[in-house]
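The block underneath contains the structure these notes are about, expressed in structure tokens.
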Amino acid sequence: MATMKKVVLKNYVKGKPKETYMEVLTTSAIPLKVPEASNEAAMVVKNLYLSCDPYMRLLMTKHDEPPEFSYLSDFVPGEAIRSYGVCKVIESTYPNFKTGDYVWGITGWEEYSLITTPEIFIKINHPELPLSYYTGILGMTGFTAYLGFHEVASPKKGEYVYVSAAAGAVGQLVGQFAKLMGCYVVGSAGSDEKVEMLKSKFGFDDAFNYKKEANLTLALKRFFPQGIDIYFENVGGAMLDAVLVNMRVRGRIAVCGMISQYNLDNPEPVYNTIVITPKRIRVEGFFVFDHFPSYGTFEEMAVSYIKENKITYVEDIVEGLENAPGALIGLYEGRNVGKQVVVVSRE
């Protein structure tokens, strides 16, 4: 038995989220065993590391019907918030996992979770690396960067690549994957500190602070006088509009997310779609859920990059479940540098 802290959604969010929409509660004693009456395979896990991701804002609003843009159900007020996390198996009736295994998947923002869908979790094959990496470079974040760049954008050596929100968890990896492919890479971020990090730490060819640009279209023209072959989309809105007119013929746009739109009641219009046809631009969104059979191939590639020091990876670590709400809200205010991770327990 154990008492347990958890983070719950207090009320559905309208507009910009705040920490006050969430609450940290301490529950009464809970059993750390799979219920005997359970007829389905399940497991109890100890949550170690939790991921903060921009898409979570979409789940904090009540939808009368499941939104087409979401692959997860809305959060429920009074229940634990959910995200990707790294866990240690305490007890399991699922044959693929045993006590002591490390796994990653969607879990609750709580110290312990009963997982009734263990089949959607993935066993951690390289516990010799920092376990927190499986919330990021070796988890959904890294897999997203890999899929969007390599499989959706179909890059070729020497192409011109632009990454928005490039200092974020996904963007930092996309830029480095592109450099390893021999591409020319420019990223944008919201502070001079992040811009310098993109160039000095992650090896981008150039970078700029979008907040200091009066005209995004002209800014992109300055950095890409010959146009953009690949745009990795994390922002949407005015940035997407500016990119469209700067794309080259047969350019590709891999749409990962649109963080600038998540807090708006009415998303901003995009005006320059008329160029898509004459430029033969391919615009494609993607979900990692469609590609999990290829995760193993990605994991081994990413592990080799890490061990050979071909990839630089930055985490923004917050200690303690009670600090998770502030860490999540920080994403939408640009406070994080790199992958935002919450440490629930280091074992």
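Structure summary
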{"read-out": "Listed peptides 182-191, 240-249 by packing density, highest first (mean Cβ within 10 Å)", "value": "182-191, 240-249"}
{"read-out": "Prolate/oblate/rounded label for the stretch 199-347 (Cα gyration tensor, a/c 1.5)", "value": "prolate"}
{"read-out": "Three principal axis lengths of the stretch 234-278 [C-alpha, angstrom, descending]", "value": "33, 19, 13"}
{"read-out": "Rh by Kirkwood over Cα pairs, then Stokes-Einstein D for the stretch 203-254 at 1.002 mPa s and 20 °C, µm²/s", "value": "188 µm²/s"}
{"read-out": "Debye intensity ratio in log₁₀ form over the Cα atoms of the chain, taken at each q of 0.10, 0.15, 0.16 Å⁻¹", "value": "-0.61, -1.31, -1.45"}
{"read-out": "Convex hull (Cα only) mean projected area of the stretch 1-52, reported in nm² to one decimal", "value": "5.6 nm²"}
{"read-out": "Within the chain, helix-based [θ] at 222 nm, where runs of 4 or more DSSP H residues each add -39,500 (n - 2.57), nearest 500", "value": "-5500 deg cm²/dmol"}
{"read-out": "Principal axis dimensions, largest first and in whole angstrom, of the stretch 102-258 by Cα", "value": "52, 30, 28"}
{"read-out": "Segment A2-V24, length gained on full extension (0.36 nm per residue, minus Cα span)", "value": "6.3 nm"}
{"read-out": "Cα-Cα pairs of the stretch 252-293 separated by more than 15 Å (percent)", "value": "62 percent"}
{"read-out": "Diffusion coefficient, µm² s⁻¹, Stokes-Einstein with Kirkwood Rh over alpha-carbon pairs of the stretch 153-199 at 20 °C and 1.002 mPa s", "value": "202 µm²/s"}
{"read-out": "Mean Cβ count within 10 Å, highest first, over the residues of peptides 194-202, 279-287", "value": "194-202, 279-287"}
{"read-out": "5 angstrom amide H check on Y112, placed H, neighbours 5+ away", "value": "N47"}
{"read-out": "Assigned charges on the beta-carbon of Lys, Arg, Asp, Glu; the stretch 1-152 dipole about Cα centre (debye)", "value": "460 debye"}
{"read-out": "The stretch 182-268: C-alpha gyration tensor shape, a/c 1.5 cut-off, then a/b vs b/c", "value": "oblate"}
{"read-out": "Cα convex hull volume per residue for the stretch 16-129 (Å³)", "value": "147 Å³"}
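No lab work stands behind these numbers, since they all come straight from the coordinates. The shown structure was predicted, so the numbers you read here are calculated from the model rather than taken from an experiment. Here Cβ is always computed from backbone atoms with ideal geometry, including for glycine, and neighbour counts include all displayed protein chains.
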